[in-house]
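See structure below.
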Amino acid sequence: MPKFAANLSFLYSEFGFLERFGAAAADGFSAVEYMSPYDVAAEDIADQLAKHGLTQALFNLPSGDWAGGERGIACLPDRVSEFRQGVDKAIAYARTLGCSKINCLAGLVPTGADPAELERTLIENLRYAAPRMAEAGIMLLLEPVNTVDVEGFFISRTDHALRILDAVGADNAFLQYDFYHAQVMQGDLIATFARHKDRIGHVQIADNPGRNEPGTGEINYGVVFSELDRLGYDGFVGCEYKPRGKTSDGLDWMKPYI
């Protein structure tokens, strides 16, 4: 039976950030995730987790100027110092929140950049982050993001992310497998998951097209959830989709599982 984590960067946008925890718990979610906690004191978030009996499943490393269009800095040669400071900050938040998984967004390819240099930078940054996270009992994740929604994202396919992780060579570095991003870029969702399941540390879901609730598009999530169970995936399933209306009104898809 899948265990769902509400992605509070996408769901319950009708509420303020700290109010979203209670709304997610009331709808049956047992965990939460989000892109960035860093604008809120870790202690305030921890209070909400405890109050509503929620597990902190995941959040991202600091990803640069999100409002300004940045989508991660891990592959940028001129941002290495900032990336490393972000690793320390993320670990501190994870310790307070009891979070055992932190995701890395590689970033966008700058105009005229050398892809080989970007790859070397990303590998070295992950080699820096992985042992520090391991000391804190944290899994480091690397996520491919589709280049239709996020034009120019450096890591967009499963095979590229796995080559990076091979080069990093860390026992606590895994793939974050987002079924939506994978469907946009490559399809073959279940076979790809089955082939690499031992290297996948977290999964996320949304339907395609539209990135809306499961059941609104072409992905058969009934089959996906059954296969996750059959293949032994026991982690959280992050619900990182755009509700078509109020989040609670669109949760019929989840009722058979909670």
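Please determine, by comparing only the residues of the stretch 104-142 that are part of a strand (DSSP E or B) and in contact with a Gly (Cβ under 9 Å, 6 or more places away or on another chain), which one is nearest to Ile73 (Cα to Cα).
The initial filter retains those residues of the stretch 104-142 that are part of a strand (DSSP E or B), namely 104, 106, 108, 139-142.
Restricting the remaining residues to those that are in contact with a Gly (Cβ under 9 Å, 6 or more places away or on another chain) gives 104, 106, 108, 139-141.
Details: Cys104: 9, Ala106: 6, Leu108: 8, Met139: 19, Leu140: 15, Leu141: 15 Å.
Within the stretch 104-142, the match that is nearest to Ile73 (Cα to Cα) is Ala106.
Which one is nearest to Leu58 (Cα to Cα) among residues in the stretch 183-238 that are among the polar types (S, T, N, Q) and touching a residue at least 24 places away in the same chain (Cβ under 8 Å)?
Gln204
Which residue, of Asp47, Asp27, is out of contact with any His (no Cβ under 7 Å at 6 or more places or on another chain), over 18 Å from Asp178 (Cβ atoms), free of Cβ contacts under 8 Å to residues at least 40 places away in the same chain and of a type in the set (Asp, Glu)?
Result of the check over Asp47, Asp27: Asp47.
Could you tell me how many of the residues in the stretch 1-29 are in contact with a strand residue (DSSP E or B) (Cβ under 8 Å, 6 or more places away or on another chain), crowded, with 19+ Cβ neighbours inside 10 Å and not polar (S, T, N, Q)?
Summing the residues that are in contact with a strand residue (DSSP E or B) (Cβ under 8 Å, 6 or more places away or on another chain), crowded, with 19+ Cβ neighbours inside 10 Å and not polar (S, T, N, Q) in the stretch 1-29 gives 12.
Quickly run through the stretch 228-253 and pick out the residues that are closer than 24 Å to Ser100 by Cβ and either surrounded by fewer than 18 Cβ atoms within 10 Å (Cβ to Cβ) or out of contact with any Asp or Glu (no Cβ under 8 Å at 6 or more places or on another chain) (or both). Steps first, answer last, please.
First, the residues of the stretch 228-253 that are closer than 24 Å to Ser100 by Cβ: 228-229, 231-241.
Matches in the stretch 228-253: Leu228, Asp229, Leu231, Gly232, Tyr233, Asp234, Gly235, Val237, Cys239.
Anything in the stretch 143-164 that is buried (at least 20 other Cβ atoms within 10 Å of the Cβ) and part of a helix (DSSP H, G or I)? List them, or say none.
Result: Thr158, Ala161, Ile164.
Which of the residues belonging to the stretch 97-120 are touching a residue at least 24 places away in the same chain (Cβ under 8 Å), β-branched (Val, Ile, Thr) and more than 15 Å from Leu61 (Cα to Cα)?
Once the filter is applied, which keeps residues that are touching a residue at least 24 places away in the same chain (Cβ under 8 Å), β-branched (Val, Ile, Thr) and more than 15 Å from Leu61 (Cα to Cα), the stretch 97-120 yields only Val109.
So is Cys104 more than 26 Å from Asn208 (Cβ to Cβ) and within 14 Å of the chain's Cα centre (by Cα) or not? Let's see the steps before the verdict.
Working: more than 26 Å from Asn208 (Cβ to Cβ): no; within 14 Å of the chain's Cα centre (by Cα): yes.
It is false that Cys104 is more than 26 Å from Asn208 (Cβ to Cβ) and within 14 Å of the chain's Cα centre (by Cα).
Select from the stretch 205-233 the residues that are of a type in the set (Ser, Thr, Tyr) and in contact with a helix residue (DSSP H, G or I) (Cβ under 9 Å, 6 or more places away or on another chain) and list them in ascending order.
Applying the first criterion (of a type in the set (Ser, Thr, Tyr)) to the stretch 205-233 yields 216, 221, 226, 233.
Those that are of a type in the set (Ser, Thr, Tyr) and in contact with a helix residue (DSSP H, G or I) (Cβ under 9 Å, 6 or more places away or on another chain): Thr216, Tyr221, Tyr233.
Would the stretch 184-196 turn up any residue that is more than 24 Å from Arg230 (Cα to Cα), in a loop (DSSP other than H, G, I, E, B) and modelled with pLDDT of 95 or more?
no
What single numbered condition from (1) part of a helix (DSSP H, G or I); (2) surrounded by fewer than 16 Cβ atoms within 10 Å (Cβ to Cβ); (3) at pLDDT 95 or above fails to hold for Pro256?
Condition (3) is where Pro256 drops out.
The values are calculated or read from the model by the stated rules, or taken from the named source; none is laboratory data. Bear in mind the structure is a predicted one, so any value in this text is a computation, not a measurement. For neighbour counting, all protein chains shown are included, and Cβ atoms are generated from backbone atoms with ideal geometry for every residue, glycine included.
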